[in-house]
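Asks: Following this message is one structure expressed as structure tokens.
The values are calculated or read from the model by the stated rules, or taken from the named source; none is laboratory data. All figures in this text were calculated on a predicted structure; none of them were measured in a lab. Positions of Cβ are backbone-derived with ideal geometry, glycine not excepted, and every protein chain shown enters the neighbour counts. Quick note on the areas: whole protein, heavy atoms, side chains included, nothing else; ligands and nucleic acids left out. Shrake-Rupley method; radii C 1.70, N 1.55, O 1.52, S 1.80 Å.
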4 protein chains.
Amino acid sequence: MGKHTVQASVKDEKLVAVRRAQMVKGAVSLFKEKGFHRTTTREIARAAGFSIGTLYEYIRTKDDVLYLVCDSIYENVKERLDQALNTEKGSLESLTAAVASYFKVMNEFQEEVLILYQEMQSLPSESIKYILGKEMEMVAMFETILQKCVENGEFLLTKREIDGIAHNIFVQGQMWGFRRWAMQKLYTIEEYTDLQLRYLLNGVRMRDI
Amino acid sequence: MGKHTVQASVKDEKLVAVRRAQMVKGAVSLFKEKGFHRTTTREIARAAGFSIGTLYEYIRTKDDVLYLVCDSIYENVKERLDQALNTEKGSLESLTAAVASYFKVMNEFQEEVLILYQEMQSLPSESIKYILGKEMEMVAMFETILQKCVENGEFLLTKREIDGIAHNIFVQGQMWGFRRWAMQKLYTIEEYTDLQLRYLLNGVRMRDI
Amino acid sequence: MGKHTVQASVKDEKLVAVRRAQMVKGAVSLFKEKGFHRTTTREIARAAGFSIGTLYEYIRTKDDVLYLVCDSIYENVKERLDQALNTEKGSLESLTAAVASYFKVMNEFQEEVLILYQEMQSLPSESIKYILGKEMEMVAMFETILQKCVENGEFLLTKREIDGIAHNIFVQGQMWGFRRWAMQKLYTIEEYTDLQLRYLLNGVRMRDI
Amino acid sequence: MGKHTVQASVKDEKLVAVRRAQMVKGAVSLFKEKGFHRTTTREIARAAGFSIGTLYEYIRTKDDVLYLVCDSIYENVKERLDQALNTEKGSLESLTAAVASYFKVMNEFQEEVLILYQEMQSLPSESIKYILGKEMEMVAMFETILQKCVENGEFLLTKREIDGIAHNIFVQGQMWGFRRWAMQKLYTIEEYTDLQLRYLLNGVRMRDI
DNA sequence: AATGAATGAGTTTTCATTCAT
DNA sequence: CATGAATGAAAACTCATTCAT
């Protein structure tokens, strides 16, 4: 955190949180529609339900909005994921369930994740690192699950293979939203989940026994 | 093509092609650095080696530059891919070779592909469709190879499975460039190719014999 | 006075005086640093030790602050000058002492006088006249002293000459602060006083006797 | 010069000079009326006879206008002064003539000099130094004249006295415009010149003869 | 009396596009 | 064909002022 905090002129921290939530909500819906650069600060203010002057009481520059949006998206995704994965016990079923949950979350947040990928580059590299750090935490969740599975003797995998698979899971989840114009014609999210799981598990399942 | 053609004031088609090539080259290197929206038309003209007035003799709007850039990128990728895959004969080895070639091409064009993903949204939806069509053609290349493999009795796959695998191959190639900050710490391009091929083939290889 | 009074919402006149003194003190130090236009009302409030809302309980507009500051500066200068010159008796020595005192005061208030000259123009012309009136009173002090000297037979001067000399004295005092970047490299305030006095008295001293 | 040059987007140096002259002329008349801070860039552009976009082809920031204005004022004053003083021969008459010329120039440029004193503080300190350097050159002109007079045996003065007198001459010239509301009620410029010259010369004339 | 969040008019600055030369 | 000066709409951002608490 520390420097990854956007300065507000308003002192009341509760209020800052409330206003920023309004702001992010409005901004996300605008960014979905036209992207960050084609959205004006006035539009963001209006969508948030307050004036341009008020907007600037809660941020310093337009880039702050982008940062807040990106941060909020991953925060939401991670929160939903934490809830979904916290019962995980290192079994094949729980891995399956975790991946299915993750894909569902990514289905829900597909537009938001698209924003992240398209606009994050405009942030200062410090902020990019910070946000990608959150992504790594999510990948690490899958690594942990896989690791447990290995420890439980469900799979036989090296650390490197675990890393690779965790990445693949993560990317396949994003891909659903990313390439929805192609994927969502071919499959429902459930079908897609089944397909990818089968494909992933082919790679990881210990030969019978 | 038809409407997917950018109008030029200059008649000499050879010259148009030459100037646009200069323009795209300059623009790509600028877009890599700062993105489409943070790049000005003046900068594009300068990078191309001519004046702002001349730039506008070869395009109508700034968006035309983006279109030309996106189009050119996929044209280049496809061209390289056509070369790499045209000797393909429907065998496991040729599939392996094709995927490896594709990954190599994506490694080479990673920054350009990034541009595509980040900026394509700014194009009119007509242009997006047109360019995504090219992407579909590339996916179709892998479908064809897989189909031939099935026909040759190498694999046993349904049409749907073929589509899914082709997509996965395609996405894993893009993922290399996309998530290079994570992937390229873990693997060399060759290691990455091996890893992904093993997973892919685990899923497609006919159960022994 | 009359219209040269700044309206306050707060009734308690004692409090008004206290708050305005705080305000002027903070504002002067800000104006010294960055000038009137580059200083915001929020900064003035903060420097004064209260909130922006409170600031506006004691003034009507930002210009009021400038007026109050200008007024206060001359008020302070005049007060110090009154103290210094009230023992004056119309002799050459007392003139000398008066000029020396005045130069000392101007040395002390040089930054404040700079503010006056740089920002007074932003006041409504009514206020300018009012404040310049105070300046005239100060010039008049020197006229009075000179007049007494003439009456005492120390000098032989016409009314016009007295006016001119009084002005010269006044301007030379301001010049010390105004052109301090040039003058204060050449002289100490004492040397400067000596120099200017000699020069002034050359013009006014009655030929020997 | 060197870094004291304002960057223009337009290449044609002749044109830059012409447009900047228009700009300065318009800006000076606006600054006389309402000061730098109360004048908008749009007003400057309009007064100069071109659009806001064009204005910014010839400057980088609004502060550049102020710099150009300040520079131009002293350039003009110095040029007029150079013309007036170049026939100077180190006699009492030529000193008298020089001072009279200078006062006349300051009478002519009184509003411009007022601008300098009121707005120069807003410039970066580098530019202030550069411009005050020009002022020092003007003071040096009088020092040179006085020095010649001393060499010719007209006056008997130390170097320090010369410096002090040159400063006094310079300040008395500025004072005429500065305090015109007071001075110009009492005297015509000619009378003022006579008066100040008499004082000055009382101080410098060699005893008797 | 004191506070500080809210407001929006107003300001500087940029930049895609045009057009006369 | 090529040039680059001119344009002005549009954008980000500021800040004096108000007013509900």
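Asks: If we count every other residue with Cβ under 13 angstrom of B:Gln118's Cβ, Lys/Arg +1 and Asp/Glu -1, where does the sum land? Numbers along the way, then the final one.
Replies: Numbers: positive: B:Lys32, B:Lys34, B:Arg38; negative: A:Glu119, B:Glu33, B:Glu111, B:Glu112, B:Glu119.
With Lys, Arg at +1 and Asp, Glu at -1, the neighbours total -2.
Asks: What part of the accessible area of the protein assembly as shown, given as a whole %, is carbon or sulfur when the probe is 1.4 angstrom? Display every interim value, and only then the final one.
Replies: Working: 20710 of 39670 Å².
Here it works out to 52 percent.
Asks: From the phi of every residue in segment C:70-79, what ³J(HN,Hα) in whole Hz does the Karplus formula 6.51 cos²θ - 1.76 cosθ + 1.60 yield, where θ is phi - 60° and glycine or proline is x?
Replies: With coefficients 6.51, -1.76 and 1.60, one gets 4, 4, 4, 4, 5, 4, 5, 4, 5, 4 Hz.
Asks: Counting pairs of alpha carbon atoms under 8 Å apart in space and at least six apart in sequence, what relative contact order in percent does segment A:66-204 give? Write down the numbers at each step before the final one.
Replies: Numbers: 106 pairs, mean separation 47.0, N = 139.
Relative contact order comes out at 34 percent.
Asks: Moving on to the next point. What ³J(HN,Hα) values, in whole Hz, does the Karplus curve 6.51 cos²θ - 1.76 cosθ + 1.60 give for segment D:127-137 when θ = phi - 60°, with x put for Gly and Pro?
Replies: Karplus-based 3J(HN,Hα) across segment D:127-137 equals 5, 4, 4, 4, 6, 5, x, 4, 4, 4, 4 Hz.
Asks: I'd like the mean, over residues of B:29-38, of how many other protein chain beta carbons sit within 10 Å of each residue's own Cβ.
Replies: Working: counts 0, 0, 0, 0, 0, 2, 5, 1, 6, 3.
Other-chain Cβ atoms within 10 Å of each residue's Cβ, averaged: 2.
Asks: Could you pull out every residue, at least 5 positions away or on a different chain, whose amide H is within less than 5 Å of the one on C:Phe155? Hs are placed 1.01 Å off N in the peptide plane, and Pro or chain starts have none.
Replies: C:Val150
Asks: Excluding ligands, DNA and RNA, what is the accessible area buried between chains A and B, summed over both sides, using a 1.4 Å probe, to the nearest 100 Å²? Could you put the intermediate results ahead of the total?
Replies: Numbers: alone 11670 and 11720 Å², together 19900 Å².
What A and B bury together is about 3500 Å².
Asks: Over the heavy atoms of B:Glu154, what accessible area does a 1.4 Å probe trace out, to the nearest 10 Å²?
Replies: Its heavy atoms expose roughly 70 Å² to the probe.
Asks: Let's see if you can work this out: charge +1 on each Lys and Arg Cβ, -1 on each Asp and Glu Cβ, no other charges. What is the dipole magnitude of segment A:66-204 about its Cα centre, in debye to the nearest 20?
Replies: Working: 13 positive and 21 negative charges, 64 e Å.
Charge dipole, segment A:66-204, about its Cα centre: 300 debye, nearest 20.
Asks: Sorted from shortest, what are the nm distances separating the label point of C:Thr96 from equivalent points in the other copies, each placed 7 Å from Cα along Cα to C-beta?
Replies: Label-point separations across copies, in nm and ascending: 3.2, 11.1, 11.1.
Asks: Around C:Val69, what is the net charge, scoring Lys/Arg as +1 and Asp/Glu as -1 over all other residues with Cβ under 9 Å from its Cβ? Mind dumping the intermediate values first?
Replies: On the way: positive: none; negative: C:Asp71, C:Glu112, C:Glu119.
That sum, taken over residues with Cβ under 9 Å, equals -3.
Asks: Which distance in Å, rounded to a whole number, links the C-alpha centroids of segment B:146-200 and segment D:93-162?
Replies: 82 Å
Asks: Give the Cα extents of the protein assembly as shown along the principal axes, in whole Å, largest first.
Replies: Principal-axis extents of the Cα atoms in the protein assembly as shown, largest first: 137, 70, 42 Å.
Asks: Same structure again: Compute from the Cα atoms of chain A the Rg and the Dmax, the latter being the longest Cα-Cα distance, and quote both in angstrom.
Replies: When restricted to the Cα atoms of chain A, Rg and Dmax are 19.5, 67 Å.
Asks: Which ³J(HN,Hα) values in Hz, rounded to whole numbers, follow from the phi angles of segment A:164-172 under the Karplus curve 6.51 cos²θ - 1.76 cosθ + 1.60, where θ = phi - 60° and Gly and Pro get x?
Replies: x, 5, 4, 4, 4, 4, 4, 5, 5
Asks: How much net charge surrounds B:Ser29 when only the other residues with a Cβ under 12 Å from the Cβ of B:Ser29 are counted, with Lys and Arg +1 and Asp and Glu -1? Spell out each step's value before the answer.
Replies: Details: positive: B:Lys25, B:Lys32, B:Lys34, B:Arg46; negative: B:Glu33, B:Glu43, B:Glu111, B:Glu112.
Counting the neighbours of B:Ser29, the net charge comes to 0.
Asks: For n ≥ 4 DSSP H runs only, could you compute -39500 (n - 2.57) per run for chain B, divide by its residues and tell me the 222 nm figure to the nearest 500?
Replies: Here the helix-only value at 222 nm equals -25000 deg cm²/dmol.
Asks: List the relative contact order of segment D:1-132 as a percent without decimals, with contacts defined as Cα pairs under 8 Å and 6+ residues apart.
Replies: Values: 106 pairs, mean separation 37.0, N = 132.
RCO, segment D:1-132: 28 percent.
Asks: While we're here: Compute the distance in nm between two label points, each set 7 Å from the Cα along the Cα-to-Cβ direction, one at B:Ser9 and one at C:Gln121.
Replies: The two pseudo-label positions are separated by 4.5 nm.
Asks: Over segment D:13-204, average the accessible area per residue using a 1.4 Å probe and give it in Å², no decimals.
Replies: Numbers: 8180 Å² over 192 residues.
On a per-residue basis, 43 Å².
Asks: I've got another one for you. Hey, with R₀ at 30 Å, roughly what FRET efficiency would C:Thr144 and D:Glu190 work out to, going by the Cβ-Cβ distance, to 0.05? Write down the numbers at each step before the final one.
Replies: Numbers: r = 28 Å, r/R0 = 0.94.
Here the calculated transfer efficiency is 0.60.
Asks: Are any of the pairs D:Lys32/D:Lys159; D:Lys89/D:Lys159; C:Lys104/D:Lys34 more than 28 Å apart by Cα-Cα distance, and if so, which? Please report the intermediate quantities before stating the final value.
Replies: Working: D:Lys32/D:Lys159 38 Å; D:Lys89/D:Lys159 19 Å; C:Lys104/D:Lys34 33 Å.
Checking Cα-Cα distances, D:Lys32/D:Lys159; C:Lys104/D:Lys34 exceed 28 Å.
Asks: Report, for D:Leu15, each distance to the same residue's label point in the other copies, shortest first and in nm; define the point 7 Å along Cα→Cβ.
Replies: 2.3, 5.2, 6.4
Asks: Starting from a label point 7 Å past Cα on the Cβ side, list the distances from C:Arg60 to the same position in the other copies, nm, shortest first.
Replies: Reported distances to equivalent positions: 3.8, 4.3, 5.8 nm.
Asks: Moving on to the next point. For segment C:111-207, take every pair of Cα atoms, bin their distances at 5 Å starting from 0, and report each bin as a whole percent.
Replies: Pairs per bin, as whole percents: 3, 12, 18, 20, 18, 14, 10, 5, 1, 0.
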